[in-house]
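The next block holds one structure in the form of structure tokens; read it before the comments.
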Amino acid sequence: MRMSFTTAEVGSIVAMLAPPPSTAEDLANYARASGDTNPLHLDPEFARKAGFNNLVVHGMLGMAHMGRLLTNTFPAASIKSFTARFSAVILVGEQVCYQATLVDSGVDFFKLALKATTAAGIVAIKGDALIDAHLARSPAKA
């Protein structure tokens, strides 16, 4: 989803991303790449004993999807800051929608509220981003 930020109004959703749900294989690959081998992410029996119905998706993997939402929408150089706070877990197989909402803008900046919401309506990640308006008006690079 791409829109013109010169005409976007505060409160408008300016970007969305709904990647396929994470799989156990995705978590194993992420664990190898990141070094985060916590058994909550890799061992279904351990996750069940800890009170979860399925493997828990790495929080940083969810944040990476949020980062992809931003880089799919804006040139990387325009992203001046990006924060995230984890408020709930995402389980393997859960569909998650990531979105950015314009909360403020000026001549030089766009401020975005970010959130990742599960299909059950649970907000798992909240954050914000500050975008350089001048650089954002350049086409995003693939």
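Residue under question is Ala113, and the condition is that it be over 20 Å from Ala24 (Cα atoms) and without any contact (Cβ under 8 Å) to a residue 40 or more places away in the chain; does it hold?
Details: over 20 Å from Ala24 (Cα atoms): yes; without any contact (Cβ under 8 Å) to a residue 40 or more places away in the chain: yes.
Answer is yes for this residue.
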Revision key, fill the gap. Scanning region 82-111 residue by residue, those within 14 Å of the chain's Cα centre (by Cα), open to solvent by less than 50 Å² (accessible area, probe 1.4 Å) and not hydrophobic (A, V, I, L, M, F, W, C) turn out to be Tyr98, Gln99, Thr101
**Study point:** Met63 assigned to a helix (DSSP H, G or I) and not aromatic (Phe, Trp, Tyr)
**Key:** yes
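State yes or no: is Pro75 open to solvent by less than 40 Å² (accessible area, probe 1.4 Å), out of contact with any strand residue (DSSP E or B) (no Cβ under 6 Å at 6 or more places or on another chain) and either in contact (Cβ under 8 Å) with a residue 40 or more places away in the chain or of a type outside the set (Lys, Arg) (or both)? Give the steps one after another, and end with the answer.
Details: open to solvent by less than 40 Å² (accessible area, probe 1.4 Å): yes; out of contact with any strand residue (DSSP E or B) (no Cβ under 6 Å at 6 or more places or on another chain): yes; either in contact (Cβ under 8 Å) with a residue 40 or more places away in the chain or of a type outside the set (Lys, Arg) (or both): yes.
Against the criterion (open to solvent by less than 40 Å² (accessible area, probe 1.4 Å), out of contact with any strand residue (DSSP E or B) (no Cβ under 6 Å at 6 or more places or on another chain) and either in contact (Cβ under 8 Å) with a residue 40 or more places away in the chain or of a type outside the set (Lys, Arg) (or both)), Pro75 qualifies.
Being in contact (Cβ under 8 Å) with a residue 24 or more places away in the chain, surrounded by 12 or more Cβ atoms within 10 Å (Cβ to Cβ) and in contact with a Lys or Arg (Cβ under 9 Å, 6 or more places away or on another chain), is that true of even one residue in region 23-43? Write out each step before concluding.
Residues of region 23-43 that are in contact (Cβ under 8 Å) with a residue 24 or more places away in the chain, as a first pass: 23-24, 26-27, 30-31, 34, 36.
Retained after the next criterion (residues that are surrounded by 12 or more Cβ atoms within 10 Å (Cβ to Cβ)): 23-24, 26-27, 30-31, 34, 36.
Subsequent filtering for residues that are in contact with a Lys or Arg (Cβ under 9 Å, 6 or more places away or on another chain) retains none.
No, region 23-43 contains no residue that is in contact (Cβ under 8 Å) with a residue 24 or more places away in the chain, surrounded by 12 or more Cβ atoms within 10 Å (Cβ to Cβ) and in contact with a Lys or Arg (Cβ under 9 Å, 6 or more places away or on another chain).
Sort through Gly67, Gly51 and tell me the only one that's out of contact with any helix residue (DSSP H, G or I) (no Cβ under 7 Å at 6 or more places or on another chain), small (Gly, Ala, Ser) and surrounded by fewer than 17 Cβ atoms within 10 Å (Cβ to Cβ). First the steps, then the outcome.
Details: Gly67 fails: surrounded by fewer than 17 Cβ atoms within 10 Å (Cβ to Cβ).
So the residue among Gly67, Gly51 that is out of contact with any helix residue (DSSP H, G or I) (no Cβ under 7 Å at 6 or more places or on another chain), small (Gly, Ala, Ser) and surrounded by fewer than 17 Cβ atoms within 10 Å (Cβ to Cβ) is Gly51.
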Review point. Which one is modelled with the highest pLDDT, of the residues in region 1-28 that are among the polar types (S, T, N, Q) and over 18 Å from the mean Cα position of the chain (by Cα)?
Key: Thr7
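Could we say that Gly121 is open to solvent by 30 Å² or more (accessible area, probe 1.4 Å) and free of Cβ contacts under 8 Å to residues at least 12 places away in the same chain here? Give the derivation first.
Working: open to solvent by 30 Å² or more (accessible area, probe 1.4 Å): yes; free of Cβ contacts under 8 Å to residues at least 12 places away in the same chain: yes.
It is true that Gly121 is open to solvent by 30 Å² or more (accessible area, probe 1.4 Å) and free of Cβ contacts under 8 Å to residues at least 12 places away in the same chain.
The values are calculated or read from the model by the stated rules, or taken from the named source; none is laboratory data. Because the structure is predicted, anything quoted here is derived from the model rather than measured. Note that each Cβ is placed from the backbone with ideal geometry, even for glycine, and that neighbours are counted across all protein chains shown. Quick note on the areas: whole protein, heavy atoms, side chains included, nothing else; ligands and nucleic acids left out. Shrake-Rupley method; radii C 1.70, N 1.55, O 1.52, S 1.80 Å.
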